[in-house]
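The values are calculated or read from the model by the stated rules, or taken from the named source; none is laboratory data. Predicted, not measured: the structure shown is a model, and the values here were computed from it. Glycine also receives a Cβ, built like all others from the backbone with ideal geometry; neighbour counts cover every protein chain displayed.
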Amino acid sequence: MSTVTAYAAPAEAAPLGKTVIERRELGPHDVLIDIAFAGICHSDIHTVRGDWGPQQYPLAPGHEITGTVAAVGAEVTAHALGDRVGVGCLVNSCRECEYCRRGDEQFCTQGAVGTYGAVDRDGTITQGGYSQQVVVTEDFVLRIPDALPLDAAAPLLCAGITTYSPLRHWKVGPGTRVAVVGLGGLGHMGVQIAHALGAEVTVLSQTLAKQDDGLRLGADRYFATSDPETFRALRGSFDVILNTVSAVIDLRSYLGLLDVDGTIVCVGAPAEALALNAGSLIAGRRSIAGSNIGGIRETQEMLDFCAEHGITAQIEVIPASAINDAYERVLASDVRYRFVIDAATLSD
């Protein structure tokens, strides 16, 4: 085992603080990564605060990791010293079930291993990217294209694939009418990706405060959901609605915005339950669905797509000492649009 500096939550209700965590020794198929940047995801906050269930502490979150390869195991073939690489939401899976074999490791029947707060195959609890280094098996290390800067690429490893995967799965492309609910960390990625796929993109946000940003990022239209006229004017207007907000919304109102056979896909994960009226589904043969992240192959496809189309996250780089303040700002929707930790400041 080796030790590295990290920022971790010592308990459920406690702020994150500087600490030391252990990393396993390099195995034959492992890659040691010097972390350069780690994005802050709303999921990090939910997890360390126990919103999604009890955790083992101390817990270092972070599943939007970019950096360079510092060392490789003796049998590693996919990555070499100095390569620009990333790690997303997964660090292991069984590699044998039907879902793993087809490249959907996130649905592993034996349980995909999350980058932090999960039990790895060796029985240890995984620790995330708010740290100086991480050791990951080579199959779960991604190549960061040269066209993507490491800081702005970090959020792609979660926010990018979380929006790319459903847009691909529901076959969004030219002629598809897409609405993105919320222009936040997920939503601003969904707008860019849907636009690059050729869709007609509309942003549905509480107010028009971010309208200029939304249009700059590729939206064709922008509406305020606080205005009741929005739901009347847009009734039956969309084929796909991508719901990116981590808060409860009135599903019945949003389902009314779908055309016949339309689908609302939820990728935001509020702590509270969403209420559903079946009549809103039946009336227009509409569907409500959820989407997880993508598998490793699709995540690499997403990175290459973003590099080809010049898509990155809009970021604010912060020192590690500002993590707790950043959490409060995320909860207050006071970030445009993703915080990224400069890992070089972890030891300051």
Restricting the first residue to region 258-279 and requiring it to be under 17 Å from residue 166 (Cβ atoms), which pairs with a second residue that is modelled with pLDDT under 75 and assigned to a loop (DSSP other than H, G, I, E, B) meet a Cβ separation below 8 Å and a spacing of at least six or different chains? 266/274
Anything in region 147-193 that is in contact with a Leu (Cβ under 8 Å, 6 or more places away or on another chain), surrounded by fewer than 24 Cβ atoms within 10 Å (Cβ to Cβ) and outside the structural domain of residue 257 (by TED's automatic domain parsing)? List them, or say none. 148
What strands (runs of 3 or more DSSP E) completely inside region 1-120 contain at least 1 residues that are touching a Leu at 6+ places or on another chain (Cβ under 7 Å) and in contact (Cβ under 8 Å) with a residue 24 or more places away in the chain? 2-8, 30-39, 65-72, 84-87
Selected residue (criterion: nearest to residue 212 (Cα to Cα)) from residues of region 138-171 that are in contact with a helix residue (DSSP H, G or I) (Cβ under 6 Å, 6 or more places away or on another chain) and either among the basic types (Lys, Arg) or part of a loop (DSSP other than H, G, I, E, B) (or both): 148
Return the total of residues in region 253-291 being farther than 24 Å from residue 194 by Cα and charged (D, E, K, R). 1
Out of 307, 332, which single residue is in the same structural domain as residue 51 (by TED's automatic domain parsing) and either over 16 Å from the mean Cα position of the chain (by Cα) or without any contact (Cβ under 8 Å) to a residue 60 or more places away in the chain (or both)? 332
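For every residue, the table says whether it meets (1) more than 22 Å from residue 336 (Cα to Cα); (2) touching a strand residue (DSSP E or B) at 6+ places or on another chain (Cβ under 6 Å); (3) at pLDDT 95 or above.
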| position | (1), (2), (3) |
| --- | --- |
| 139 | yes, no, yes |
| 164 | no, no, yes |
| 174 | yes, no, yes |
| 190 | no, yes, yes |
Of all helices (runs of 4 or more DSSP H) fully inside region 269-348, the set with 2 or more residues that are closer than 17 Å to residue 152 by Cβ and modelled with pLDDT of 90 or more is 296-309
For region 209-258, what are the residues that are touching a Leu at 6+ places or on another chain (Cβ under 9 Å) and of a type in the set (Lys, Arg)? 210, 221, 235, 252
For the list (1) in a loop (DSSP other than H, G, I, E, B); (2) modelled with pLDDT of 95 or more; (3) surrounded by 20 or more Cβ atoms within 10 Å (Cβ to Cβ); (4) in contact with a Gly (Cβ under 7 Å, 6 or more places away or on another chain), I need the number of the one condition that residue 245 fails. (2)
